[in-house]
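Engineer: One structure, pasted below without further comment.
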Amino acid sequence: MPVSTAQFKTGMAIQHDGKRWIIVDFQHVKPGKGPAFVRTKLKNLEDGRIVDYTFRSGEKFDDVRVERRAMQYLYNDGDTYYLMDNSSYEQIEMSADFVGDGKQWLKENDEVEVLTADGDYLGVDPPMFVELEVTETEPGFKGDTVNSGGKPATLETGATINVPMFVNIGDVLRIDTRDGRYVTRV
């Protein structure tokens, strides 16, 4: 079903130039002189890159129905990640490249969302917040505060993030997976 630029919403998926895109951000612009247009930021569903596009107002696109399926991350053997559909218990395999940057936040048995469109798997979204244990970091010193510069810490999944000076090995941290930011100690 065709969709016009007037129907754009953040999170909507469209087909443009033979590719599927999710609208990350958009803005309708009506200049004082000339026709109206729509500025957008689109995320490519196949490779995840974000690009800026400008469309004429009223331009039409094919709608892409994107579904999110809850799945459980089971394990990986290096190059292949194994997930299980929570409703049908069907197991699927995905390459490490397909899972993308989200793999650095995945622990066995975590719930993830798998994006699908027209029966194709598009990507894996880890939970927004994860709790991971610190496996390696420099020791903190008495008197260090949250406001000091911070230090690098390696987590149980292999991800490295910047943490406050008071964090020690063995601490469990809450991490925001959208930007890899330390939130709090659990």
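Engineer: Could you list, in sequence order, the residues of region 51-66 that are surrounded by fewer than 13 Cβ atoms within 10 Å (Cβ to Cβ) and under 30 Å from Q91 (Cα atoms)?
Structural biologist: Correct list: R65 only.
Engineer: Moving on to the next point. Test N76 against the criterion of being more than 21 Å from E46 (Cβ to Cβ), in contact with a strand residue (DSSP E or B) (Cβ under 8 Å, 6 or more places away or on another chain), touching a residue at least 24 places away in the same chain (Cβ under 8 Å) and surrounded by 16 or more Cβ atoms within 10 Å (Cβ to Cβ), and give yes or no. Spell out the reasoning first.
Structural biologist: On the way: more than 21 Å from E46 (Cβ to Cβ): yes; in contact with a strand residue (DSSP E or B) (Cβ under 8 Å, 6 or more places away or on another chain): yes; touching a residue at least 24 places away in the same chain (Cβ under 8 Å): yes; surrounded by 16 or more Cβ atoms within 10 Å (Cβ to Cβ): yes.
Criteria met by N76.
Engineer: Another question, then. Return the pairs, sorted by first residue and then second, in which the second residue is among the small types (G, A, S) and open to solvent by 30 Å² or more (accessible area, probe 1.4 Å), the first residue lies in region 80-94 and is in contact (Cβ under 8 Å) with a residue 24 or more places away in the chain and more than 11 Å from Y121 (Cβ to Cβ), the beta carbons are less than 6 Å apart, and the residues are 6+ apart or on different chains.
Structural biologist: N86/A70
Engineer: Still on this structure, please answer the following. For region 1-28, what are the residues that are in contact (Cβ under 8 Å) with a residue 24 or more places away in the chain, among the polar types (S, T, N, Q) and either out of contact with any His (no Cβ under 8 Å at 6 or more places or on another chain) or assigned to a strand (DSSP E or B) (or both)? Walk me through it before giving the result.
Structural biologist: Of the residues in region 1-28, the ones in contact (Cβ under 8 Å) with a residue 24 or more places away in the chain are 1-6, 8, 12-16, 19-22, 24, 28.
In the following step, the residues that additionally are among the polar types (S, T, N, Q) were identified as 4-5, 15.
Across region 1-28, the qualifying residues are S4, Q15.
Engineer: Here's another thing I want to ask about it. Just one of the numbered conditions (1) assigned to a loop (DSSP other than H, G, I, E, B); (2) in contact with a strand residue (DSSP E or B) (Cβ under 7 Å, 6 or more places away or on another chain); (3) not acidic (D, E) is not true of P31; which one?
Structural biologist: (2)
Engineer: Let me ask something additional. So is K107 open to solvent by less than 70 Å² (accessible area, probe 1.4 Å), free of Cβ contacts under 8 Å to residues at least 60 places away in the same chain and either part of a loop (DSSP other than H, G, I, E, B) or of a type in the set (V, I, T) (or both) or not? Even if it seems obvious, please write down each step before you answer.
Structural biologist: On the way: open to solvent by less than 70 Å² (accessible area, probe 1.4 Å): yes; free of Cβ contacts under 8 Å to residues at least 60 places away in the same chain: yes; either part of a loop (DSSP other than H, G, I, E, B) or of a type in the set (V, I, T) (or both): yes.
Taking the combined requirement at face value, the residue satisfies it.
Engineer: Something else about it: For region 1-49, give me the residue count where each residue is surrounded by fewer than 16 Cβ atoms within 10 Å (Cβ to Cβ) and aliphatic (A, V, I, L, M).
Structural biologist: Total meeting the criteria: 5.
Engineer: Scanning region 82-104 for residues that are open to solvent by less than 20 Å² (accessible area, probe 1.4 Å) and in contact with a Ser or Thr (Cβ under 8 Å, 6 or more places away or on another chain), which turns out nearest to T177 (Cα to Cα)?
Structural biologist: G102
Conditions tested, residue by residue: (1) modelled with pLDDT under 90; (2) open to solvent by 30 Å² or more (accessible area, probe 1.4 Å); (3) of a type outside the set (F, W, Y); (4) part of a strand (DSSP E or B).
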| residue | (1), (2), (3), (4) |
| --- | --- |
| M71 | no, no, yes, yes |
| V112 | no, no, yes, yes |
| G123 | yes, no, yes, yes |
| E136 | no, yes, yes, yes |
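The values are calculated or read from the model by the stated rules, or taken from the named source; none is laboratory data. Predicted, not measured: the structure shown is a model, and the values here were computed from it. Virtual Cβ from ideal backbone geometry, glycine too; neighbours counted across all protein chains shown. To get the accessible areas, we keep the full protein, side chains included, count just its heavy atoms, and leave off ligands, DNA and RNA. Shrake-Rupley method; radii C 1.70, N 1.55, O 1.52, S 1.80 Å.
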